[in-house]
2 protein chains.
Amino acid sequence: MTDTRQPATDLGLAEIAELAAQLRVDSIRSSTSAGSGHPTSSMSAADLLAVLVGRHLRYDWDRPEADSNDHLIFSKGHASPLLYSVYKAVGVVTDHELMTGYRRFGARLQGHPTPILPWVDVATGSLGQGLPDAVGVALAGRYLDQLPYRVWVLCGDSEMAEGSIWEALDKASHYRLGNLVAMVDVNRLGQRGPTEFGWDLDAYARRAEAFGARVISVDGHDLAAIDQALDAAGTGGDQPTVILARTVKGKGFSEIEDHEGWHGKALPAEQAERALEELGGERDLLVRGPLPAFDRAPEPRPGSAATPRPVYPRGEKVATRKAYGEALKWLGGLDPRIVAMDGEVSNSTHTDEFAHAYPERYFEMYIAEQQLIAAAVGLSVRHYVPFASTFAAFFSRAYDFIRMAAISAADIRLVGSHAGVEIGADGPSQMGLEDLAMMRAVQGSTVLYPCDAPSTVALTREMAGRSGVSYLRTTRGGYPTLYAEGEEFPIGGAKVLRSTDDDVVTLIGAGVTLHECLAAADELARENVAARVIDLYSVKPVETETLVAAAGVTGGRIVVAEDHHPEGGLGSAVAEALLASGTTPLRLNHLAVRELPGSGVAHELLDAAGISAAHIAGAARTLLA
Amino acid sequence: MTDTRQPATDLGLAEIAELAAQLRVDSIRSSTSAGSGHPTSSMSAADLLAVLVGRHLRYDWDRPEADSNDHLIFSKGHASPLLYSVYKAVGVVTDHELMTGYRRFGARLQGHPTPILPWVDVATGSLGQGLPDAVGVALAGRYLDQLPYRVWVLCGDSEMAEGSIWEALDKASHYRLGNLVAMVDVNRLGQRGPTEFGWDLDAYARRAEAFGARVISVDGHDLAAIDQALDAAGTGGDQPTVILARTVKGKGFSEIEDHEGWHGKALPAEQAERALEELGGERDLLVRGPLPAFDRAPEPRPGSAATPRPVYPRGEKVATRKAYGEALKWLGGLDPRIVAMDGEVSNSTHTDEFAHAYPERYFEMYIAEQQLIAAAVGLSVRHYVPFASTFAAFFSRAYDFIRMAAISAADIRLVGSHAGVEIGADGPSQMGLEDLAMMRAVQGSTVLYPCDAPSTVALTREMAGRSGVSYLRTTRGGYPTLYAEGEEFPIGGAKVLRSTDDDVVTLIGAGVTLHECLAAADELARENVAARVIDLYSVKPVETETLVAAAGVTGGRIVVAEDHHPEGGLGSAVAEALLASGTTPLRLNHLAVRELPGSGVAHELLDAAGISAAHIAGAARTLLA
């Protein structure tokens, strides 16, 4: 606790009114001092937050890590002045920090909240994500932690247009998350003008009710009404609660109340002064709301280790997606924190192996990939080890959530099956051909692409202990087991599968193309051309040393083949690593899926895309000519 | 017309029943012949399609390009056997093609429909996209074409879990699209088991009604009831219609009707034989439903050319986002087919310039980025020239739609503002740092990143005439105008801004980093180090010749600086192009945003990320040391 004064507790509504005024004043002061920010979007929700924080949120501000705390998520992350003003009011952020740190370089009170602050669960600011993330936290609370904390979310009215909000409410009611409360700050005005529904609370109410929520509509500036609504909302039950609060943007400063053109604008200093005057000037309240009503950690769950590590005889054809499923089932026995979820394709991704073994730790997300990722993020907030799976292609549906997960410093593991043209007859809509590029570009991410079952098992285990966003790409068809049981596959490593001192060309593949590289090496060997073959199973980070050594031996002649579009995938990883290393000479022949594929069987499509063994051998010959 | 027989027309319900049986039989035959596909998901919707195609869809099958045709979109694209069986029944696909082409390599009857077929508007197969795309077509019909064609969409019940479905219904009712009919095939079973709601049609009805649709619930195997529902639906009005049809998966073959475990499985030959027997065997009906009730093209809209081409004096500081808005307004006057839409940030992207000038050609999509892209795709189906804009970061919300737009061969133009750390105080949630990687990885895409106002204007014009998915990245802050009025910026080009025969290092930037490169070159010049500076405004396709020439002159010493994560962006484009060209030696120093940024002002953040002029000059010195 930064402040040494004794905080006021057991606040009555008169004190709450003072607190709300302080939150408004500090929202204005902090944003004006920063020269940017969203004071008006903070002022509309100040009464909601004052009542919540002063009388309902059960939170020990000195122990943000406590398992018993309620959670508070600002889905409307741009209202950060309000959130940070709350932090000042409860004494964990000083007025000095608020006035000199907000939105400043190197400071933690960023433009939108991130978990660099210990009281923030998830980064927000891309609208429509806080509520889905909160669903993940509430799932943990109800089904895993089995603790009676509540999850309170402040939503904006504009973000109700995001489909992800409805995915979230759908899953919240499906999973009977009575521990989840969404407070919607219906201030009528979006960034560039009125919202779709203005103050038509009934329009929102009909939708939220149809999606299974209990709805309470209130005047968002009537403290007693808010108090009553939060009381009702906080009692749990089997339904999520949506509180629709009719509010006024800029409430408290008559010059700008309900005015268009004031979104995301700090008040000029002189106008801020007039606003403070109208609001009764600066205050320096120090308050605390209720503490958690219990103080216990979740019951530890025993591991079971019922499933042995899967073993595959060399040469046996196994789909890596199948090996992933078996690995996850094995790991799930060892570590009870491992949880899994899937977008209604678990019998294709093989996450169903885990789901059948540990149904209490499996969450079916149906076909809602945004919520699939958000649930993983929310579960990681509660220190579970989530694995989320769907087809590689369909993670593109949730790219914004994956990007934000990295900013949230969430530890989530994503597994995409059915990658590339290898999938065959289903055609291009089902082919993940952008997934490596998309996942590599995520800040701090890990991207893995094993070629056989044992390496898949090893890498799935590595992922379980990996922080940040990690991604495993699996393959639809079965391919021969190449590696021995127990071989290690460190993240950031690579395997040299064929190697002599006389190698004249290097062939690099991963996943299905590794098998094509091996076949190409066989074909070249029959022509007495010695080819080095590298399994680049760790696409990010990539092991530069193995690449540099191979380039050195083989005169810089390198063929990279990937079942992916040419941009941003395996070829980029190799090119970037070798160029950064200063290796010279370099002659890279990069085979990738350059044209739009159609249907067919795997070998036809690999060949048509120019990434089959014959093309790899041909590319090597070109380099040697 | 492939078939020379006279088709049956004016079908009664008895003939419709025969047609439905044929559609089921052919769905089974085609998928069994292919050895894969979704017969059961086709059989559930066969009655819906028989009634629709036989009695309601107004379509001239010999003129799929006719402006007067209704549109038929299979949002549940996996029911392709049903769609292709319809094509056979109306005589535009032969039985031979159906039996030998479905899902085969090189054939057009792919696993999921794509516009390689002239009767298919958009590629589907990623669920929850057909209905949003249809909203775009219906917007064109009501507001631009002003023609009374209808847009009929077949949805699956599983895809109702996708948030994008609700974005679509929200916009359909907001824009009063009475010309849009969604038929939901509620067959109760998803891929791996029951859906969330099974046959609870009321649950869907409540949601669809809350989202503003007129809902009609029917027994999806009662032909008369379907007929009545389609009659009502087709009459227009101001509300979209949702027909909820209770159906049975695998309907017509008692062995598998309503059975789990039959999703996406072709019947084995012997079982298919039994199914055909139960369904009364093969048929060879040739039918045609009604033709369009009118035959006219949309009224041509006059261009206005009211706005002159924007001109910027050299040195004037202008944000490229602002120049984009002014360019779009200019182009909108020249070409009445240009339409624009935005995700509720048009005053930031500056698309509001167009919106104010041509309100009848602007569609506000509010904060629903998936629908934003889908609307553009649907409008491109009707040959409009859509520009869709939001923050660069938020296109990640719709990456699956962008990926699918490429498979749909849609011509859409995307403009993302607020790219990179340059945006400053708002922090990482608002910073597009993956957009170049994401957009480059899209099949056939174009990626542009201008550094000043005139190049932005020129490239916006280039985009208007560009096919496929094109993306323009704009910058938040104002930077000096470098180029003269009228200078050409061909897609696939690059500009050399500093060049002497004595250059010893090449500096490559685009957008904001181009200005940093120029400042770095100035700094190096003061040390008598001559640096070549390249404006790589066309990130994809990239102009290899300029890069190779620069590498040749400067001893392969190249610094690339980009306001983007290191993977898949400008640096990748340069590395891949130079390596593909065989240029040697090469020493690339690649500066990019490698750590998670926070808030700050632009120059602080550019410097902290190591992509400012000082770092670029330093990187050049390192290469020269």
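The values are calculated or read from the model by the stated rules, or taken from the named source; none is laboratory data. Because the structure is a prediction, the values reported are computed rather than measured. Virtual Cβ from ideal backbone geometry, glycine too; neighbours counted across all protein chains shown.
Brief remarks on what is shown
Results for (1) surrounded by fewer than 22 Cβ atoms within 10 Å (Cβ to Cβ); (2) more than 27 Å from B:E162 (Cβ to Cβ); (3) charged (D, E, K, R); (4) at pLDDT 95 or above, shown as yes or no for each residue.
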| position | (1), (2), (3), (4) |
| --- | --- |
| B:V218 | no, no, no, yes |
| B:A224 | yes, yes, no, yes |
| B:H259 | yes, no, no, yes |
| B:W262 | yes, no, no, no |
| B:L267 | no, yes, no, yes |
| B:E270 | yes, yes, yes, yes |
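- Test: residue in the range A:201-214 that is buried (at least 24 other Cβ atoms within 10 Å of the Cβ) and not aliphatic (A, V, I, L, M): yes
- Residue check, A:G568 at the interface with chain B (Cβ under 8 Å from one of its Cβ atoms) and assigned to a loop (DSSP other than H, G, I, E, B): yes
- Criterion applied to A:V560, A:V542, A:V529, A:V512 was being closer than 23 Å to A:G420 by Cα, of a type in the set (A, V, I, L, M, F, W, C) and in contact (Cβ under 8 Å) with a residue 60 or more places away in the chain, and the one residue passing it is A:V512.
- Looking only at the range A:166-203, residues that are closer than 15 Å to B:A210 by Cα, assigned to a helix (DSSP H, G or I) and more than 7 Å from chain B (Cβ to nearest Cβ) come to 4 in all.
- A:S42 vs. criteria assigned to a helix (DSSP H, G or I) and not basic (K, R): yes
- Some residue of the range A:446-454 being more than 9 Å from chain B (Cβ to nearest Cβ), over 26 Å from A:E167 (Cβ atoms), surrounded by fewer than 24 Cβ atoms within 10 Å (Cβ to Cβ) and of a type in the set (S, T, Y): no
- Complete set of residues in the range A:585-604 that are closer than 28 Å to B:T446 by Cβ and more than 7 Å from every other protein chain (Cβ to nearest Cβ): A:N589, A:L591, A:A592, A:V593, A:R594, A:E595, A:P597
- For the range B:309-325, residues that are in contact with a helix residue (DSSP H, G or I) (Cβ under 7 Å, 6 or more places away or on another chain) and either modelled with pLDDT under 95 or surrounded by fewer than 24 Cβ atoms within 10 Å (Cβ to Cβ) (or both) total 4.
- Selection count, the range A:244-282, where residues are under 26 Å from A:G111 (Cβ atoms) and not in a helix (DSSP H, G or I): 24
- Only listed residue being in a loop (DSSP other than H, G, I, E, B) and more than 16 Å from A:Y59 (Cβ to Cβ), chosen from A:G91, A:G106: A:G106
- Any hit, the range B:543-551, residues being of a type in the set (D, E), buried (at least 20 other Cβ atoms within 10 Å of the Cβ) and closer than 24 Å to B:R440 by Cα: no
- Annotation: B:L579 fulfils all but one of (1) touching a Leu at 6+ places or on another chain (Cβ under 6 Å); (2) at pLDDT 95 or above; the unmet one is (2).
- Filter pass, A:T241 being touching a strand residue (DSSP E or B) at 6+ places or on another chain (Cβ under 6 Å), at pLDDT 95 or above and under 20 Å from A:L23 (Cβ atoms): no
- Some residue of the range B:369-383 being over 17 Å from B:W166 (Cα atoms), hydroxyl-bearing (S, T, Y) and not in a helix (DSSP H, G or I): no
- Single residue of the range A:404-430 satisfying the filter (within 9 Å of chain B (Cβ to nearest Cβ) and closer than 26 Å to A:A374 by Cβ) that is surrounded by the fewest Cβ atoms within 10 Å (Cβ to Cβ): A:A409
- Every pair of residues 6+ apart whose Cβ atoms lie under 7 Å, when the first sits in the range A:366-390 and is not assigned by TED's automatic domain parsing to the domain that holds A:S173 while the second is of a type in the set (D, E, K, R) and surrounded by fewer than 24 Cβ atoms within 10 Å (Cβ to Cβ): A:Y366/B:E196; A:S380/A:D411; A:R382/A:D145; A:H383/A:R337; A:Y384/A:R337; A:V385/A:D335; A:V385/A:R337
- Scanning the range A:1-31 for residues that are surrounded by 22 or more Cβ atoms within 10 Å (Cβ to Cβ) and in a loop (DSSP other than H, G, I, E, B) yields one hit, A:L11.
- Subset of the range B:204-226 [more than 28 Å from the chain's Cα centre (by Cα) and either at the interface with chain A (Cβ under 10 Å from one of its Cβ atoms) or part of a loop (DSSP other than H, G, I, E, B) (or both)]: B:A205, B:R206, B:G220, B:H221, B:D222
- Inspection of the range B:315-333 finds a residue satisfying the criterion of being part of a loop (DSSP other than H, G, I, E, B), more than 14 Å from chain A (Cβ to nearest Cβ) and touching a Pro at 6+ places or on another chain (Cβ under 6 Å).
- Given (1) within 9 Å of chain B (Cβ to nearest Cβ); (2) in contact with a helix residue (DSSP H, G or I) (Cβ under 7 Å, 6 or more places away or on another chain); (3) assigned to a helix (DSSP H, G or I), number of the condition A:A580 does not satisfy: (2)
- Among the numbered conditions (1) away from chain B (no Cβ under 12 Å); (2) without any contact (Cβ under 8 Å) to a residue 12 or more places away in the chain; (3) of a type in the set (A, V, I, L, M), the only one that A:V553 does not meet is (2).
- Qualifying positions in the range B:605-625 - more than 33 Å from the chain's Cα centre (by Cα) and either surrounded by 23 or more Cβ atoms within 10 Å (Cβ to Cβ) or within 12 Å of chain A (Cβ to nearest Cβ) (or both): B:D607, B:A608, B:S612, B:A613, B:I616, B:A617, B:A619, B:A620, B:T622, B:L623
- Taking the criterion of being surrounded by 24 or more Cβ atoms within 10 Å (Cβ to Cβ) and more than 7 Å from chain B (Cβ to nearest Cβ), the residues of the range A:94-113 that qualify are A:Y102, A:L109, A:P113.
- Conditions (1) touching an Asp or Glu at 6+ places or on another chain (Cβ under 6 Å); (2) of a type in the set (A, V, I, L, M, F, W, C); (3) within 26 Å of A:W262 (Cβ to Cβ): number failed by B:F391: (1)
- Residue in the range B:57-67 that is away from chain A (no Cβ under 14 Å), closer than 22 Å to B:I407 by Cα and of a type in the set (D, E, K, R) present: yes
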